[in-house]
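**Q** I am attaching a structure below and will ask some questions about it afterwards.
The values are calculated or read from the model by the stated rules, or taken from the named source; none is laboratory data. Note that the structure is predicted; figures quoted are calculated from it, not measured. For neighbour counting, all protein chains shown are included, and Cβ atoms are generated from backbone atoms with ideal geometry for every residue, glycine included.
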Amino acid sequence: MSQHVDDLKMPANDTTFLTVFFLFLGLLRFDSIPGLEAAALSSIPGLYVFGDSLVDAGNNNYLPLSLRKAIYLPNGIDFPSYIPTGRFCNGKNAADAMAEKFGLPLPPPYLSPRLLNQNAREAAAVTGVNFASAGAGIFNSDDQTTGQAIPLSQQLEFWLSIHQNLRRKLGASEANIHISKSLFVIVIGSNDVLDYFGSPELQEESDPEEYMQSIASKLKEQLKKLIHETGTPRLLIFGVGPLGCIPLQREKNSKMHECDEEANMFASLYNKTLIKMLQELKQELQSSMTYSYFDLFKSIHDINSNPARYGLADVTSACCGLGRLNADLPCFPFASLCSDRTKYLFWDFYGHPTEAGARVIVDNMFADDSQYMFPLNLSQLVTVFFVLNGVCTVVEMAVKKTKFVKPVVSWMLTMAFLVVTSAKPSCASILKLQNPRRLKYIRKMPANNTPFLTVLFLFLGLLRFDSIHGLKAATLASIPGVYVFGDSLVDAGNNNYIPVTIFKANFLPNGVDFPGNKANGRFCNGKNAADIIAEKFGLPLPPPYLSLNRNASETAAMTGVNFASAGAGILNSNDTAGQVIPLSQQLSYWLSIQQNLTIKLGPSEAKVHISKSLFVIIIGSNDILGYFGSPELRKESNPQQYMQSIADKFKEQLKTIHETGTPRLLIVGVAPLGCTPQKREKNSTMHECNEEANMFASLYNEALVKMLQELKQELQSSMTYSYFDLFKSINDIHSNPARYGFADVKSACCGFGTLNADLPCYPSAMFCSDRTKNFFWDFLHPTEAGARVIVDLMFADDSQRYMFPLSFSQLVSP
C-alpha cells in the first residue's frame, strides 16, 4: 500500500500539473459548465446563412424586379431604430437570433451596397454573410430565374466570392481552418414544397414521393458542391415547417381554421426524404461532412400544441394583415397590427414568425436536451472543435513544461479524445487540420502506471456520478410501491374477472412473449408499460386488483397493485355499464388497499409509504374516442367544451387520491389517437393519421395540462406530480422509427386485413414473426418493444422534453 502511495507522489510546486489536471476536468464536463459553453459558442468565428424569406436579411431589396420585399413598415417595427430592413418580421429573424447567441454581428445581406467596400466586405467575410432571399428555392423555378429571387444555386455562387475574400485576407491554410470552425445555416425548401402543393400540373407529372425525392436530390448536388469547393464546414440544415398550419392555409380551411393536412403531408414527405439524403451523403463523404438536421416541423408542432408553455397566446393568426386570422391579405403598410407582438407566433400570413416566435425556435435549437436535432445536438456541433483544440493545447503546454506531466496528460488526452470522438468521429481530422504534430500525443501511453490509472478513473467516475447506474438504482429502489390506474394500455388482467365484458385479452397470441407464453389479459405480446415501470424500480409486477385474495391483497398492498381496466374512462359512460371498471371505481378499490396498508403499517407509516410511492395514471383515450365516434355528443357540445368536461371530472378524482395521502403522481397524456392502425386503415390509400382524432387528443392534453397546473396551485406542496407527454413521444417515434429500432409504426403486428387493422387480435389472427420491429401489437396497443421505448424516454436523463414540471428523476428522487 505504501509503495502505491509513493508512486502517486506529486511535485510540491507543480502549478502546471494542477492547471492541466483541472482544465482537463473542466473540458470533460464542458457540457454542463455555463462558462465553458459560452466559450465554446464564442469559438464560432463566422455564421453564413443560405435560404428563403425565413432568414432573408434584405437581399431582395436589391433585386429591382422582385415583388417579394419587406422594405416598408410595419415590417421592422421592433427592429433597432424601427427600420424595415427587408426582413419579413417585426424585428430580428432566426438567423439574427443565432448570430447573437454566438456573440457575432448580424450577418449582412450579400447584396448590401456597404459590402461593395473592400474593407467592409473582408470584415463581413470573416464574421458571416447572409445570402438568403425571399421566394428562393432549391429548384431554379421560373419566377426565380426572372429576377424575383436568388435561388440556392446562385447563393452558393455568391458564397464562392466570399470564400475568395477569406483566402486573400487569411491565407489559404487559415481560411480552411476558419471555415471548419464556422457554421453554415441552410433554411430552404418550403417554396419548392408549396409550388408542388399549389400546382395541379406538377401533381399530374409526378406523385408526391417522386417530387420530394427530386428536391432532395437537387439539394444533395448543391451540398456536395459546397463541401467540395469550400472545405469541411459545419452544416446546420433545417427541415421545412408544418406548411399547412400557417395562417394563409388555416384561413382557407373551414370554420375551424384547422391546419391543411395535405400541405403538412407534403412537408413531412420532404423532411423524411431530406433526412435520408443527408444520411446517405454523410455515409459517402464520411469525415468531410459535419452536419446536424433541425426538425422545424416538430418544433413548430410542439409550440402549436402548447403555446402557453412557450409564452405565446396565438399560434393560428397573423399579427399583421387583414381579414380573418389577419390572413386575407399580407402585411402591407395599412394592415391591421397586433399590439403585443411577443404573444404571437406568426408575423404575417405566409407563416414568417415574429421575433418572439423566431427566438422560441432558436431557444429550442440551443437547449441542452434539444430533441429536435440529430445526429448531433447543437452543443456537439459547435463545441467539438473547441474542446479538442483546448485539450491539445493543454497537452502541448504540459509536455513542454515538465516530464512528470507528460504520461499523465497523455492518458488524459486519450480519454478525452475517446469521449469526444464517440460523438464526433471526424475529430481526428480536425486535430490533424489544426496541427498534425498533436496526433502523436494520442498514441503515447505509459506502459506501467496502474496506481495512477486506478485513482484517475475512480475520480472521473465520481465526477460523473450522475450517470453511474449504481447510484441511479439506489434512487429507483427508494420507490416502495407502484399503483396503476388506467385503461387497456396498462390493464394487467382485471377484465378477466368481469364476467359480462367483451374487453378481454385472455387468449393467445396475446401474451406470446410473456414469461411462460401466457395470455394473462394484457393487450400486448408481452409486458406493458406499467410492468416495465415496476421492473425499473426493482418491484414485482403489480397484480390486477380483482385477482387478489385477502392474504395476497395485504402483500401486494406494499409493493403495488394494478387497478386498470380495458375500456375504462374518466367519465362513467353508459355503454360501459358492467363492461369495465371506470376510474371512479378504480379509486374505490384503491381505498380498500389503503385500508390494508393502514392495518399492516399503522396510520403514520402508511402515510409515509404512500408519500414515497408512485401512482401511475394512464387514462382518457376512451373518453376522447367516445366523443370522436358519437354524432350525438358532438351535437351536445363542441370539442373544447367536451375535453374541458373530461379534465374537470378528472380533477375531482385526483382530489380523491389526494385525500388518502400525498403520493407522487405520474399522469400520462393521451397518445396521437389518429395514428393507431385502426384509424390509419380507414384514412385513404396513403394510410396517414386521422388528424381530427389527433386534434381532439391535443385539445384534451392542453386542457389536462392546464387543469394540473391549476390543481397544483390550489394544493401547493401537498401535490407532487409530473405530466408525461405521450402524444409527443409517440409522434417522435413515428417520425423517425429507425432511430428507435422500429421498421413498422403503421401496421398492427397481430390482426387481419389492411395494416392488420380490419379486425382485432383474435386467436386465429395473423401475427408478425419479429415483434421487436413493430411498434403496434394490435390495432390500438403497443408491442412490448413499443412500450419499452416509451418508458425509456420517460426514464431518460433528459426526459424533460416529455415530462414537466418535474423530470422523472426529480419526481422519484428521495
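**Q** If you check S764, S769, which single one turns out to be in the same structural domain as Q678 (by TED's automatic domain parsing), out of contact with any helix residue (DSSP H, G or I) (no Cβ under 7 Å at 6 or more places or on another chain), of a type in the set (S, T, N, Q) and at pLDDT below 90? Working first, answer last.
**A** Details: S769 fails: at pLDDT below 90.
When all the criteria are applied, what remains is S764.
**Q** Which one of N271, N304, N253, N326 is at pLDDT 90 or above and surrounded by fewer than 21 Cβ atoms within 10 Å (Cβ to Cβ)?
**A** Working: N271 fails: surrounded by fewer than 21 Cβ atoms within 10 Å (Cβ to Cβ); N253 fails: at pLDDT 90 or above; N326 fails: surrounded by fewer than 21 Cβ atoms within 10 Å (Cβ to Cβ).
Within the list N271, N304, N253, N326, the selection yields N304.
**Q** Is it true that some residue in segment 747-755 is assigned to a helix (DSSP H, G or I) and within 14 Å of C675 (Cβ to Cβ)?
**A** We begin by selecting, within segment 747-755, every residue assigned to a helix (DSSP H, G or I); these are 754-755.
Remaining after also requiring within 14 Å of C675 (Cβ to Cβ): 755.
Within segment 747-755, one or more residues are assigned to a helix (DSSP H, G or I) and within 14 Å of C675 (Cβ to Cβ).
**Q** Regarding Q203, is this residue surrounded by fewer than 23 Cβ atoms within 10 Å (Cβ to Cβ), in a helix (DSSP H, G or I) and within 25 Å of the chain's Cα centre (by Cα)? Break it down stepwise before answering.
**A** Values: surrounded by fewer than 23 Cβ atoms within 10 Å (Cβ to Cβ): yes; in a helix (DSSP H, G or I): yes; within 25 Å of the chain's Cα centre (by Cα): no.
No: the conditions fail for Q203.
**Q** Filter segment 307-323 for residues that are touching a Phe, Trp or Tyr at 6+ places or on another chain (Cβ under 6 Å) and surrounded by fewer than 20 Cβ atoms within 10 Å (Cβ to Cβ) and give the result.
**A** D314
**Q** Restricting attention to segment 484-503, report how many residues are part of a loop (DSSP other than H, G, I, E, B) and at pLDDT 95 or above.
**A** Of the residues in that region, 7 qualify.
**Q** Among the residues that make up segment 208-223, is at least one of them in contact with a Gly (Cβ under 9 Å, 6 or more places away or on another chain), crowded, with 19+ Cβ neighbours inside 10 Å, in the same structural domain as S53 (by TED's automatic domain parsing) and not hydrophobic (A, V, I, L, M, F, W, C)?
**A** Residues of segment 208-223 that are in contact with a Gly (Cβ under 9 Å, 6 or more places away or on another chain), as a first pass: 215-216, 219.
Checking which are crowded, with 19+ Cβ neighbours inside 10 Å leaves us with 215-216, 219.
Still in the running and in the same structural domain as S53 (by TED's automatic domain parsing): 215-216, 219.
Those still in the list that are not hydrophobic (A, V, I, L, M, F, W, C) too: none.
Within segment 208-223 (the criterion being in contact with a Gly (Cβ under 9 Å, 6 or more places away or on another chain), crowded, with 19+ Cβ neighbours inside 10 Å, in the same structural domain as S53 (by TED's automatic domain parsing) and not hydrophobic (A, V, I, L, M, F, W, C)), the answer is no, since none of the residues qualifies.
**Q** Continuing with this model, one more query. Return the residue satisfying two criteria in turn: it lies in segment 126-147 and is modelled with pLDDT of 90 or more and in a helix (DSSP H, G or I), and of such residues it is surrounded by the fewest Cβ atoms within 10 Å (Cβ to Cβ). Working first, answer last.
**A** Looking only at segment 126-147, we keep the residues that are modelled with pLDDT of 90 or more, and these are 126-139.
Then drop every residue that is not in a helix (DSSP H, G or I), which leaves 126-127.
Numbers: V126: 18, T127: 20.
Restricting to residues being modelled with pLDDT of 90 or more and in a helix (DSSP H, G or I), the top hit is V126.
**Q** Output the residues belonging to segment 219-260 that are under 30 Å from I44 (Cβ atoms) and of a type in the set (S, T, Y).
**A** Matches in segment 219-260: T230, T232.
Residues checked against (1) in a helix (DSSP H, G or I); (2) touching a Leu at 6+ places or on another chain (Cβ under 7 Å):
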residue: A671; (1), (2): no, yes
residue: R680; (1), (2): yes, yes
residue: S698; (1), (2): yes, no
residue: V705; (1), (2): yes, no
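**Q** Please return the ranges of helices (runs of 4 or more DSSP H) entirely within segment 541-638 where 1 or more residues are touching a residue at least 60 places away in the same chain (Cβ under 8 Å) and assigned by TED's automatic domain parsing to the domain that holds F779.
**A** Working: elements: 550-559, 583-601, 603-612, 621-628, 631-636.
Filter on segment 541-638 gives 550-559, 583-601, 603-612, 621-628.
**Q** A follow-up question, please. From the list L156, L152, which one is touching a strand residue (DSSP E or B) at 6+ places or on another chain (Cβ under 8 Å), in contact (Cβ under 8 Å) with a residue 40 or more places away in the chain and within 23 Å of S199 (Cβ to Cβ)? Step through it out loud before you land on a result.
**A** On the way: L156 fails: within 23 Å of S199 (Cβ to Cβ).
Testing whether each residue is touching a strand residue (DSSP E or B) at 6+ places or on another chain (Cβ under 8 Å), in contact (Cβ under 8 Å) with a residue 40 or more places away in the chain and within 23 Å of S199 (Cβ to Cβ) leaves just L152.
**Q** Also, quick follow-up: Does segment 590-631 hold any residues that are small (G, A, S) and closer than 30 Å to D725 by Cα, and which are they?
**A** In the first step, residues of segment 590-631 are kept if they are small (G, A, S); the result is 592, 602, 604, 606, 611, 613, 620-621, 626, 629-630.
Residues satisfying the conditions are S611, S613, G620, S621, G626, G629, S630.
**Q** Now for a different question. Got a sec? Which of D725, D792, D778 is under 21 Å from F650 (Cα atoms) and either outside the structural domain of D295 (by TED's automatic domain parsing) or out of contact with any strand residue (DSSP E or B) (no Cβ under 6 Å at 6 or more places or on another chain) (or both)? Working first, answer last.
**A** Numbers: D792 fails: under 21 Å from F650 (Cα atoms); D778 fails: under 21 Å from F650 (Cα atoms).
So the residue among D725, D792, D778 that is under 21 Å from F650 (Cα atoms) and either outside the structural domain of D295 (by TED's automatic domain parsing) or out of contact with any strand residue (DSSP E or B) (no Cβ under 6 Å at 6 or more places or on another chain) (or both) is D725.
Yes/no per residue for (1) surrounded by fewer than 18 Cβ atoms within 10 Å (Cβ to Cβ); (2) within 22 Å of Q594 (Cα to Cα); (3) among the small types (G, A, S); (4) assigned by TED's automatic domain parsing to the domain that holds S613:
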{"position": "Q640", "(1), (2), (3), (4)": "yes, no, no, yes"}
{"position": "M643", "(1), (2), (3), (4)": "no, no, no, yes"}
{"position": "K651", "(1), (2), (3), (4)": "yes, yes, no, yes"}
{"position": "I657", "(1), (2), (3), (4)": "no, yes, no, yes"}
{"position": "L665", "(1), (2), (3), (4)": "no, yes, no, yes"}
{"position": "V670", "(1), (2), (3), (4)": "no, no, no, yes"}
{"position": "C675", "(1), (2), (3), (4)": "no, no, no, yes"}
{"position": "S684", "(1), (2), (3), (4)": "yes, no, yes, yes"}
{"position": "C689", "(1), (2), (3), (4)": "no, no, no, yes"}
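**Q** If we keep just the residues of segment 357-380 that are in contact with a strand residue (DSSP E or B) (Cβ under 7 Å, 6 or more places away or on another chain) and modelled with pLDDT of 95 or more, which is nearest to L312 (Cα to Cα)?
**A** Residue satisfying both the conditions and the ranking: G357.
**Q** Also, I was wondering about something else. If a residue has to be part of a helix (DSSP H, G or I) and buried (at least 22 other Cβ atoms within 10 Å of the Cβ) to count, how many in segment 167-190 make the cut?
**A** Our first condition is that a residue be part of a helix (DSSP H, G or I); within segment 167-190, this holds for 167-170, 172-181, 190.
Among the residues that remain, those that are also buried (at least 22 other Cβ atoms within 10 Å of the Cβ) are: 190.
Here the count works out to 1.
**Q** Can you go through L453, L476 and tell me which one is modelled with pLDDT under 95, over 18 Å from V616 (Cβ atoms) and either exposed (fewer than 15 other Cβ atoms within 10 Å of the Cβ) or not polar (S, T, N, Q) (or both)? Outline the logic, then answer.
**A** Details: L476 fails: over 18 Å from V616 (Cβ atoms).
Going through L453, L476 in turn, just one is modelled with pLDDT under 95, over 18 Å from V616 (Cβ atoms) and either exposed (fewer than 15 other Cβ atoms within 10 Å of the Cβ) or not polar (S, T, N, Q) (or both): L453.
**Q** Only one of these is part of a helix (DSSP H, G or I) and over 15 Å from S698 (Cβ atoms): I657, I646. Name it. Before you say what the answer is, go through the steps one by one.
**A** Numbers: I646 fails: over 15 Å from S698 (Cβ atoms).
Checking each option against the conditions leaves just I657.
**Q** Now, a different point. Report every pair of residues separated by at least 6 positions or lying on different chains whose Cβ atoms are under 6 Å apart, first residue within segment 128-142 and assigned by TED's automatic domain parsing to the domain that holds P105 and under 13 Å from S53 (Cβ atoms), second of a type in the set (K, R) and assigned to a loop (DSSP other than H, G, I, E, B).
**A** Between residues of segment 128-142 that are assigned by TED's automatic domain parsing to the domain that holds P105 and under 13 Å from S53 (Cβ atoms) and residues that are of a type in the set (K, R) and assigned to a loop (DSSP other than H, G, I, E, B), the close pairs are A134/R68; G135/R68.
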